[in-house]
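First the structure, in the form of structure tokens, and then the observations on it.
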Amino acid sequence: MNTKALLNLQDFERAAARVLPSTLFGFVQGGAEDGLSVAANRRAFSQVEFIPRVLCDTAARSSAVSLWGETWSAPFGIAPMGAAAAMALDGDRAMARAAALENVPFVLSGSSLTPMEQVIRENPRAWFQLYPSADPEQSAAVVARAQACGFGTLVVTVDVPVGGRREDDIRNGYGSPLRPSWQLAASFGRRPLWLARTLLPTLRRHGMPHFENYGGSRAPMISRTATRSHRRDNLCWADLQRLRDGWRGKLVVKGVLAQEDARQALREVGADAVLVSNHGGRQLDGTAAPLAALPGMLAALPGATLFCDGGIRRGSDVLKAVGLGASLAWVGRPMMYAAVLGGTAGVRHAIGLLREEMLRTMALLGICQVAEAATRVRHPFTRSVAAQPSD
Ligand SMILES: Cc1cc2nc3c(=O)[nH]c(=O)nc-3n(C[C@H](O)[C@H](O)[C@H](O)COP(=O)(O)O)c2cc1C
């Protein structure tokens with residue numbers, strides 16, 4: 001589909017709902033339990049206000065940022081999302097390629113269906129996200145592969161000790177792996193275009209997709225009997241330390257909301273950055289919005305490299321996140337929808353829209369550099385460093 005008629009990132013969601021089978025769309029769109037965190041993530045952006053300055057000569061403004069010796073064309077990237085190659089034809093490659101062409105960061109999910117060795121060829125600056133296994137040897141094997149094929153940054157996701165409860169997935173017949181059922185067949189059958197343009201070409205090109213980059217067995221995407229464990233509730237800080245010690249590149253800890261955890265990850269374990277995230281509201285329902293947690297975290301950890309995700313849909317949202325302390329903001333669901341609708345071109349269009357919105361917002365704010373966003377935002381979130389038990 002030509003996505004050029006889509007004017008903003010929310011348009012991609014509405015269009016994807018008409019293209020994807022409801023079982024798959026529900027998985028991407030959904031959140032845990034009552035959806036409180038999904039709603040909180042969006043609400044937080046409406047609580048941040050801009051105070052623009054006028055007559056500032058912003059003709060030479062730029063959305064570019066530098067981090068760890070690299071320059072990106074914008075301070076946002078594509079968050080890791082599993083199963084993309086089941087939703088979109090060559091979905092992991094499409095997102096990786098689009099990010100490379102637009103010069104924004106991209107993180108390959110540890111729950112992806114494309115071997116990491118192929119994705120890094122599309123985008124040599126891609127980052128890799130690990131779901132640490134309950135068994136440290138399995139994690140070590142995945143990490144060794146990522147290191148050997150040239151990933152420079154490892155993102156370790158720590159907010160999935162067990163899978164969040166997403167009841168819509170149960171109602172819609174979604175599972176990981178997907179179980180063949182009449183319900184699934186009916187959901188697929190109602191989307192003949194998706195069948196013809198995505199599922200059948202995927203099967204023709206690659207056969208049944210498998211979870212290629214997850215620790216342990218290589219489970220297929222659709223299976224009556226195969227299982228994948230989402231249980232890693234035995235993990236503790238020593239496991240993160242082991243990963244840090246074994247990884248030569250940059251290490252990011254994803255899924256942190258508490259200041260004390262951020263401090264431990266950065267100052268004790270030696271992580272390079274923390275991605276403040278509630279997994280897009282897909283794990284613990286009722287969590288604080290990552291945006292709301294940023295100011296306090298920055299106050300507690302001055303100079304720390306913090307990233308943020310959850311509910312970012314506009315260029316103005318990116319500037320709000322940067323203004324509150326994020327070095328990079330990450331976008332999830334809309335990029336998946338963009339890959340579904342338009343492959344590489346669709347994702348490039350989504351990135352382009354977000355960047356154009358940023359540049360327009362910067363002119364309206366009266367700033368030339370992204371970092372100046374901090375001087376134009378007002379927010380109600382507490383900066384106080386909460387007293388927390390230091391277990
Ligand atoms: C379909 C889907 C799959 C995801 N898979 C992963 C994953 O494999 N690893 C991970 O760390 N986060 C995963 N996430 C969470 C995203 O990385 C990110 O935290 C979240 O989507 C950001 O919120 P947003 O979708 O509102 O932008 C996934 C999110 C979605 C929507």
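Read the figures in this text as sums done on the coordinates, not as results from a lab. What you see is a predicted model; the values in this text were computed from it and never measured. Cβ sites come from the backbone with ideal geometry, for glycine too, and all protein chains shown count toward neighbours.
Worth pointing out:
- Residue check, residue 28 surrounded by 18 or more Cβ atoms within 10 Å (Cβ to Cβ), under 16 Å from residue 331 (Cβ atoms) and within 16 Å of the ligand (Cβ to nearest atom): yes
- The set of residues in segment 324-335 being more than 11 Å from the ligand (Cβ to nearest atom), assigned to a strand (DSSP E or B) and crowded, with 24+ Cβ neighbours inside 10 Å consists of 326, 328.
- Residues satisfying the stated conditions in segment 207-222, i.e. touching a residue at least 24 places away in the same chain (Cβ under 8 Å) and assigned to a loop (DSSP other than H, G, I, E, B): 209, 211, 212, 213, 214, 215, 216, 219, 221
- Residues of segment 230-249 that turn out to be touching a residue at least 40 places away in the same chain (Cβ under 8 Å) and in a helix (DSSP H, G or I), as a count: 5
- Checking each residue of segment 12-30 against the condition of being more than 24 Å from residue 340 (Cβ to Cβ) and under 20 Å from the mean Cα position of the chain (by Cα) gives no match.
- From the list 371, 338, 321, the one residue that fits, being within 15 Å of the ligand (Cβ to nearest atom) and within 29 Å of residue 263 (Cα to Cα), is 321.
- Among the residues here, residue 155 does not qualify as surrounded by fewer than 19 Cβ atoms within 10 Å (Cβ to Cβ) and under 22 Å from residue 135 (Cβ atoms).
- Residue, surrounded by the fewest Cβ atoms within 10 Å (Cβ to Cβ), within segment 341-357, restricted to residues that are within 16 Å of the ligand (Cβ to nearest atom) and among the hydrophobic types (A, V, I, L, M, F, W, C): 353
- Residues being closer than 21 Å to residue 351 by Cα and of a type in the set (Ser, Thr, Tyr) - total across segment 1-41: 1
- Considering segment 108-173, the qualifying helices (runs of 4 or more DSSP H), each wholly inside and each with 3 or more residues that are within 16 Å of the ligand (Cβ to nearest atom), run over 136-149, 167-172.
- Qualifying residue in segment 197-208 (condition: crowded, with 18+ Cβ neighbours inside 10 Å and of a type in the set (Ser, Thr, Tyr)): yes
- Restricting segment 174-191 to residues that are outside any loop (DSSP other than H, G, I, E, B) and free of Cβ contacts under 8 Å to residues at least 40 places away in the same chain, the residue that is surrounded by the fewest Cβ atoms within 10 Å (Cβ to Cβ) is 182.
- Filtered by the rule that a residue be in contact (Cβ under 8 Å) with a residue 40 or more places away in the chain, within 22 Å of residue 317 (Cα to Cα) and more than 11 Å from the ligand (Cβ to nearest atom), segment 260-284 gives a lone residue, 273.
- Across segment 250-259, the qualifying residues are those that are in a strand (DSSP E or B) and either out of contact with any Ser or Thr (no Cβ under 6 Å at 6 or more places or on another chain) or within 14 Å of the ligand (Cβ to nearest atom) (or both), and the one among them that is farthest from residue 298 (Cα to Cα) is 251.
- Verdict on residue 74 being in contact (Cβ under 8 Å) with a residue 40 or more places away in the chain and within 21 Å of the chain's Cα centre (by Cα): yes
- Top-ranked residue in segment 307-318 [being part of a strand (DSSP E or B) and more than 14 Å from residue 65 (Cα to Cα); ranked as nearest to the ligand (Cβ to nearest atom)]: 309
- For segment 66-103, a residue qualifies if it is assigned to a loop (DSSP other than H, G, I, E, B) and either within 14 Å of the ligand (Cβ to nearest atom) or not polar (S, T, N, Q) (or both), and the qualifying residues are 68, 69, 74, 75, 79, 80, 81, 82, 83, 88, 89, 90.
- Of the criteria (1) in a loop (DSSP other than H, G, I, E, B); (2) without any contact (Cβ under 8 Å) to a residue 12 or more places away in the chain, which one residue 382 fails: (2)
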